[in-house]
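The numbers here are math on the coordinates, done by the rules we state, and not lab data. Keep in mind it's a predicted model, so treat the numbers as computed, not measured. Cβ atoms come from the backbone with ideal geometry, glycine included; neighbour counts cover every protein chain shown.
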């Protein structure tokens, strides 16, 4: 009984410290940003949309951006066709004729991307072509809230603000889709909490924005070491250069994207994230160790057929995650996700167990391309 209580105490203490860290950081960042959202700030804005083989999604994305509640004379949309092999080029050319504030850039070879691999190169092309003071970025498989730009850009009224990200929601009706949606909110909340505690832990590049002047000063992706998690790399670059980084928790600033269609696609996505997440260095190690603490306790109690302490530790995990997810569920008006939460936690546990093994494969597949990571 002595060892059981010791292991239960160590495992639960480590995990509760993790939850407390993110909860405290979440509320610090949430209340820090409230003061900006009452401001009236409307600079010129550019929205860049990198697209590679997105014939199924790009029109819906551009149509969504055309409905933004923002002065048309202060808004431009820059779509970058990144060597697509489907009908993305033709669709974008047609949309360019339809919308006066849409500019389309066609990339035909890597040299046009300044030899910057992957999505980062396309973003660099779009950022250099952008004429806005603030640059927003989203993905071709996303749709945005009409108030997305109008609400999010207010944080840039603070002159020191360099980079702002916000939450992304997953749209889908399957249980697998709902679990992914909860996971994205979970990851966004940890990103928010990290910034609240002055630690950069990541964001989603399909809902991010940055001040163009500062982007140029740090050299953009021309000066950033290549990463398959280009969004994290850019967020880190702004922070390291002394610019303010924020994370908004607001239903008006949410972007909606599509779920992974199957578990294989899901694993490929998370493989890219885990390889990119290695750039977090010791922060990533601490996260893995805190997850391992729970897994070690569960495996120990299962091996010893100690179902009482196994259930107690599992209940602790459910309770801690529920505490962390409740504030964003309520703030983002996603209370229906509480119904799917019991299915999400076992999934989190599985992914956290697999994540360290995903890092072993250095070849990352994305958009039909293979990237060798270091």
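What number, in percent, do you get for the relative contact order of segment 119-202 if the mean sequence gap of Cα pairs under 8 Å and at least 6 apart is divided by its residue count?
Reported as a whole number, the value is 14 percent.
If you bin the C-alpha pair distances of segment 126-281 every 10 Å from 0, what whole percents do you get?
Calculated over all Cα pairs of segment 126-281, the distribution is 11, 41, 37, 11, 1 percent.
Find, to one decimal place in angstroms, the Kirkwood hydrodynamic radius of segment 136-175, where the mean of 1/r is taken over every pair of different Cα atoms and then inverted.
Final number for the Kirkwood radius of segment 136-175 is 12.2 Å.
If each residue of separation counts as 0.36 nm, what is the full-extension length gain between residue 27 and residue 111 once their alpha-carbon separation is subtracted?
So the chain would gain 25.8 nm between residue 27 and residue 111.
When the scattering of segment 290-374 is computed by the Debye formula from its Cα atoms alone, each counted once and equally, what is log10 I(q)/I(0) at q = 0.18, 0.19, 0.20 Å⁻¹?
Scattering profile of segment 290-374, log10 relative to I(0): -0.89, -0.92, -0.95.
Highest mean first, what order results for 173-180, 119-126, 73-80 on Cβ atoms within 10 Å?
Final packing ranking: 119-126, 73-80, 173-180.
Where both partners of a DSSP beta bridge lie in the chain, what percent of those bridges are antiparallel, to the nearest 5?
35
Under the rule of -39500 (n - 2.57) per DSSP H run of 4 or more residues, summed and divided by the residues of the chain, what mean residue ellipticity at 222 nm is obtained, to the nearest 500 deg cm²/dmol?
About -17000 deg cm²/dmol.
Report the gain in length on full extension from residue 374 to residue 240: 0.36 nm times residue separation, minus Cα-Cα distance, nm rounded to one decimal.
Gain on stretching residue 374 to residue 240: 46.1 nm.
Do you know the relative contact order of segment 52-203, to the nearest whole percent, from alpha carbon pairs under 8 angstrom that are 6+ apart?
So the answer I get is 23 percent.
What number do you get for the chain when its Cα radius of gyration is normalised by 2.2 N^0.38 Å, N = residues?
1.01
Taking the mean number of other Cβ atoms within 10 Å as a proxy for protection, how do you rank 161-167, 233-239, 112-118, 20-26 from highest to lowest?
Descending mean neighbour count gives 161-167, 233-239, 20-26, 112-118.
Considering only C-alpha atoms, what is the centroid distance from segment 315-349 to segment 17-83, in Å?
One Cα centre to the other: 25 Å.
Distance from a point 7 Å along Cα→Cβ of residue 357 to each backbone N in segment 253-275: keep the residues under 20 Å and list them by number.
262-275
Would you mind calculating the gained length between residue 304 and residue 96 on full extension (0.36 nm times residue separation, minus the Cα-Cα distance), in nm to one decimal?
68.4 nm
Volume per residue, Å³, of the convex hull around the alpha-carbon atoms of segment 1-140?
Considering the Cα atoms of segment 1-140, their hull volume per residue is 185 Å³.
Restricting things to alpha carbons, find the Rg to Rh ratio for segment 13-65 using the Kirkwood radius for Rh.
Rounded to two decimals, Rg over Rh is 1.24.
Can you work out the FRET efficiency for the pair residue 174 and residue 10, with r the C-beta to C-beta distance and R0 = 30 Å, to the nearest 0.05?
FRET efficiency, residue 174 to residue 10: 0.20.
If one puts a single equal scatterer on every Cα of segment 199-281 and applies the Debye formula without solvent, what log₁₀ I(q)/I(0) results at q = 0.12, 0.15, 0.23 Å⁻¹?
Each listed q maps to, in turn, -0.41, -0.64, -1.22.
Just want to confirm a number: the relative contact order over the chain, from Cα pairs under 8 angstrom separated by 6+ residues, in percent.
Contact order relative to length: 21 percent.
Would you mind computing, in nm to one decimal, how far apart the modelled labels at residue 37 and residue 217 are, each placed 7 Å from Cα along Cα→Cβ?
2.8
Points 7 angstrom from Cα along the Cβ direction at residue 69 and residue 331: gap in nanometres?
Result: 2.0 nm between the two label points.
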